[in-house]
Amino acid sequence: MELKPGLSAFVTGGASGIGRALCLALGAKGVFVTVVDFSEERGKEVASLVQIECAKFHSNLKFPAAVFRKCDVTNSGDLTAAFDEHVATYGGLDICINSAGIGTPVLFTKDQSTWRRTLDVDLIAVIDSTRLAIKTMQAMQKPGVIINMGSASGLYPMVKDPIYSGSKGGVVLFTRSLVPFKRQGIRINVLCPEFVETDMGQQIDSKFIDLMGGFVPMEMVVKGAFELITDESKAGSCLWITLRRGMEYWPTPTEEEKYMIRPSSSRKRSTAKAPFQTPLNLQLPQSYEKLVVHTLTHNFRNATCIVRAPLSLPIKPHHVLVKIIYAGVNASDVNFSSGRYFSGPDRPQLPLDAGFEAVGIIAALGDFVTNLEIGSPAAIMTFGSYAEFMMVPSKHILPVERPDSEVVAMLTSGLTASIALEKAGGKMESGKVVLVTAAAGGTGQFAVQLAKLAGNKVVATCGGADKAKLLKELGVDRVIDYKSEDIETVLKKEFPKGIDIIYESVGGQMLNLCLNALAVYGRLIVIGMISQYQGEHGWKPSNYPGICEKLLAKSQTVAGFFLVQYSHFWQEHLDKLFHLFSAGKLKVSLDPKQFLGVHSVPDAVEYLHSGKSVGKVVVCMDPSYRQKTSRL
Ligand code: NAP
C-alpha cells in the first residue's frame with residue numbers, strides 16, 4: 001500500500017509513545033487519523049498536531065483531518081463505536097494500528113487485582129480491535145493493513161513483567177496466524193521493538209537499557225511500521241527491531257526451517273503424496289498487483305514497475321483467472337524487458353506484462369470453460385506471470401498435480417532441457433559424452449540429469465564449489481568448476497576424442513570453446529547466451545570466424561532451440577518430468593534464497609544474473625498459499 005494523502009488510519013494508544021509518533025508520521029504523509037486513547041488532553045493535542053501536518057496536503061476539507069476519540073479499548077462497545085465513527089467521518093478504513101498497551105505495576109504473584117488488566121489491554125483488546133478492523137475492511141471491500149504493537153518481550157522473556165511478556169507473546173502468535181486474510185487484501189503484521197524511550201520505556205532500569213545498547217530510536221519504529229504498511233509481501237510478518245541488530249524479520253528462515261515442513265528439493269516423493277487440497281475461502285480482491293515493462297532496456301529494474309490493475313469480473317468467455325502462487329525467474333527476463341522478443345512491426349505496445357511462467361490455482365472461470373475447475377492447480381507459460389493474478393485463455397492452462405515451486409522449475413527450465421535434448425538437431429542417445437554449461441542453473445540441472453538417465457557420461461561446467469557439490473549429487477561424472485580449473489585444459493586432456501552432445505547456454509567465449517571441443521558427428525544445442533545478455537549496451541551479437549569450416553570438417557551440427565516454438569510438446573514433457581520427479585528419479589534443486597511478492601521480482605532477476613544462484617530461482621507471490629504444514 002502506498003502511503004499517500006487521503007488514506008485513513010485508526011490508531012489506538014495514539015495519545016502517547018509509539019502510538020503518538022505513528023499518528024504524527026501518518027499525518028505528515030497526509031493520512032487522516034482517528035486518535036483513540038483514554039487520555040483526553042494528550043489525545044486532543046495529537047489530533048490537533050496531525051491536523052496541522054495534514055493541512056499541508058488538503059485544502060477546504062469538509063471534515064476534520066484528525067479526530068480524537070476517547071475510548072477504553074477493553075470496552076468492546078466503545079471500540080465498536082469508535083470504528084463506526086471513523087468510517088462515518090472518512091468513508092473507509094485503510095490502516096489500523098493497535099498500539100494501546102500497559103505494563104503490570106505489581107508482580108502477579110503479589111497482587112491479584114492488576115495483572116488481568118494488563119492482559120485485557122495488551123492482548124484481549126488487540127484481538128478485539130483486530131477483529132473490528134477486519135470486519136470494517138471486509139465491509140469496505142478495499143485492501144487494508146493492520147499493525148499490532150508487539151514487543152521484543154513477546155519474542156523472548158521479560159522476567160520483570162511476565163504478564164506483559166506473555167500478552168505480547170500472544171499478540172505475536174495471534175498476528176502471525178492471520179496470514180490467510182491476505183487473500184482478502186487485508187495484511188496483518190506485528191511490530192516488536194525493544195525498549196523505546198516512551199513513558200513506559202523510561203520506567204525500565206537504565207542499567208538494563210545500557211546493557212541492551214540503549215533505547216531503540218522512535219524513527220526506527222516508524223520506519224518499521226511504514227515498511228509493514230507499504231510492502232505488499234508482508235502479511236502475518238513479525239518485524240523485530242533492536243539497536244544492536246537493526247530490523248529483522250522473525251522467525252529467521254533458519255528458525256522457521258526447524259518447525260515448517262515444506263517440499264524439499266532432495267526428498268524423494270511418490271505419487272502417493274496427499275493430493276493438493278483446494279484452499280477454502282478463495283476470495284477475489286477488487287484489484288491486484290502486477291509487474292509491467294514500461295521502458296525497453298535490458299536493465300530489468302529500470303525497465304519495470306508495479307501497477308495495480310482492477311480485477312474486472314466477470315471473467316471473459318473461454319478464459320480463466322489464475323491466482324499465482326509461484327513464478328519462475330529466467331535468464332531471458334532481461335531479453336523480454338529489452339524488447340528482444342518483439343522485433344519488427346508486430347511489436348506490441350508498452351506496457352508489457354512481464355514474467356514467463358507460474359503455477360497457481362484456478363480462481364474463477366469464464367463462460368464456456370468446461371474442462372477446468374475452480375480450486376484446481378494449474379501451470380501457465382504465457383507472458384504476465386509476475387503478478388498476483390492472471391487472466392488467460394483456458395486453452396493455455398497446463399493442468400498440474402500441485403502448484404509447488406518444484407513444478408514451476410519444471411516449466412521453462414525443465415521443458416527446455418527435456419525437449420531440446422530430444423528434438424533439437426537430433427535425438428537423445430545413450431553411451432555418449434554430454435557436456436552441459438551453466439549446469440547448476442535453472443535449466444542446466446535438468447539437462448545433466450536427463451542426459452544421465454539416458455545412459456550417457458555427463459560433464460558439467462559451473463562457477464563455484466556449492467554448485468560443483470550440487471552437480472556431484474545430481475550424478476554428474478566430471479564437474480569442472482571453472483573457478484578452480486581451466487575448462488579447455490580439462491576437456492583436451494580428459495576427452496581427447498571430443499564431446500558428442502553439448503547443451504550450451506552461456507555464449508561468448510564459452511560457445512567458442514564448446515565449438516572447438518565438439519567431436520566428429522557432434523551436436524551442439526544453442527540454448528541461450530547468458531553472458532551476452534547484460535552488457536553495458538545490451539546484447540551484442542558475437543562472431544565465430546571459421547565456424548562453417550569447423551562444422552564441415554567434422555560433420556557437426558549446431559542447432560538452435562527456442563522453447564516457445566515447441567509448445568505442442570509441453571504437456572507431454574511436463575507429465576514426463578513430473579512422473580520422473582514423483583518416482584524419485586529426478587531431483588529439482590531450488591535456490592534457497594526467498595523472494596516474496598511482486599516487489600521482489602527485480603531483486604530475483606538480478607540475483608539470477610549475479611552468478612550466485614544455485615538451482616532454480618523462484619518468487620513466491622503469496623506465502624499464505626505455500627504448501628507447508630506446521631508440526632505444532
Ligand atoms: P540459470 O542457468 O539459472 O542462470 C544462472 C547461471 O548462469 C549462473 O549461475 C551462472 O552459472 C551463469 N551465468 C550468469 N551470468 C553469467 C554471465 N554473465 N556469464 C557467464 N555465465 C553466467 O538461468 P536459466 O534461466 O536456467 O537460463 C540459462 C540459459 O538457458 C540462458 O542462456 C537462457 O537464456 C537459456 N534458456 C533458453 C531457453 C530456450 O528456449 N532456448 C529456455 C530457458 C533458458 P555458472 O557461473 O555456474 O556457469
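Annotation: of all residues in segment 482-539 being among the aromatic types (F, W, Y) and farther than 26 Å from G339 by Cα, the one that is least open to solvent (accessible area, probe 1.4 Å) is F495. Within the option set A66, A88, A81, being in the same structural domain as I134 (by TED's automatic domain parsing), buried (at least 21 other Cβ atoms within 10 Å of the Cβ) and over 16 Å from K4 (Cβ atoms) holds for one residue only, A66. Selection within segment 425-440: residues that are open to solvent by less than 20 Å² (accessible area, probe 1.4 Å) and near the ligand (Cβ under 9 Å from one of its atoms). The member of this set that is farthest from S613 (Cα to Cα) is T437. Across segment 460-477, which residue is most open to solvent (accessible area, probe 1.4 Å) among those that are away from the ligand (no atom under 13 Å from the Cβ) and under 24 Å from K427 (Cβ atoms)? In this case the residue turns out to be D477. Among the residues of segment 450-458, is any under 22 Å from T489 (Cβ atoms), touching a residue at least 24 places away in the same chain (Cβ under 8 Å) and away from the ligand (no atom under 16 Å from the Cβ)? There is at least one residue in segment 450-458 that is under 22 Å from T489 (Cβ atoms), touching a residue at least 24 places away in the same chain (Cβ under 8 Å) and away from the ligand (no atom under 16 Å from the Cβ).
Of the helices (runs of 4 or more DSSP H) lying entirely inside segment 544-632, those containing at least 2 residues that are of a type in the set (V, I, T) and within 16 Å of the ligand (Cβ to nearest atom) are 601-609.
Which one of V190, V159, V179 is β-branched (V, I, T) and crowded, with 22+ Cβ neighbours inside 10 Å?
Of the residues listed, the single one that is β-branched (V, I, T) and crowded, with 22+ Cβ neighbours inside 10 Å is V190.
Among the residues of segment 256-288, those identified as at pLDDT 70 or above and more than 28 Å from V614 (Cα to Cα) are L284, P285, Q286, S287, Y288.
In segment 493-517, of all residues being away from the ligand (no atom under 15 Å from the Cβ) and touching a helix residue (DSSP H, G or I) at 6+ places or on another chain (Cβ under 8 Å), the one that is nearest to Q449 (Cα to Cα) corresponds to I501. With respect to the conditions (1) assigned to a strand (DSSP E or B); (2) crowded, with 24+ Cβ neighbours inside 10 Å; (3) of a type outside the set (K, R), A417 falls short on a single one, namely (1).
Here E373 clears all of (1) under 23 Å from I527 (Cα atoms); (2) more than 16 Å from the ligand (Cβ to nearest atom) except the condition numbered (1). Residues to consider are S582, S600, S613; find the one that is small (G, A, S) and farther than 24 Å from I530 by Cα. Matching residue, one of S582, S600, S613: S582.
Checking each residue in segment 44-54 for being surrounded by fewer than 18 Cβ atoms within 10 Å (Cβ to Cβ) and either of a type in the set (D, E) or not in a helix (DSSP H, G or I) (or both) picks out only E45.
Annotation: of all residues in segment 311-333 being open to solvent by 10 Å² or more (accessible area, probe 1.4 Å) and within 16 Å of the ligand (Cβ to nearest atom), the one that is nearest to I362 (Cα to Cα) is Y326. Annotation for segment 368-375: no member residue is within 22 Å of the chain's Cα centre (by Cα) and modelled with pLDDT of 90 or more. Report whether or not I525 is assigned by TED's automatic domain parsing to the domain that holds V433 and in contact with a Leu (Cβ under 7 Å, 6 or more places away or on another chain). No. Against the criterion of being β-branched (V, I, T) and over 21 Å from Y544 (Cβ atoms), V506 does not qualify.
Could you list, in sequence order, all residues of segment 282-339 that are β-branched (V, I, T) and touching a helix residue (DSSP H, G or I) at 6+ places or on another chain (Cβ under 7 Å)?
Within segment 282-339, V293, T295, T297, T304, I306, V320, I325, V329, V334 qualify.
The values are calculated or read from the model by the stated rules, or taken from the named source; none is laboratory data. Here the structure is a predicted model, which means the values were calculated and not measured. Quick reminder, even Gly has a Cβ in these numbers, built from the backbone with ideal geometry, and neighbours come from all protein chains shown. Heavy atoms of the whole protein, side chains included, go into the accessibility calculation; ligands, DNA and RNA do not. Shrake-Rupley method; radii C 1.70, N 1.55, O 1.52, S 1.80 Å.
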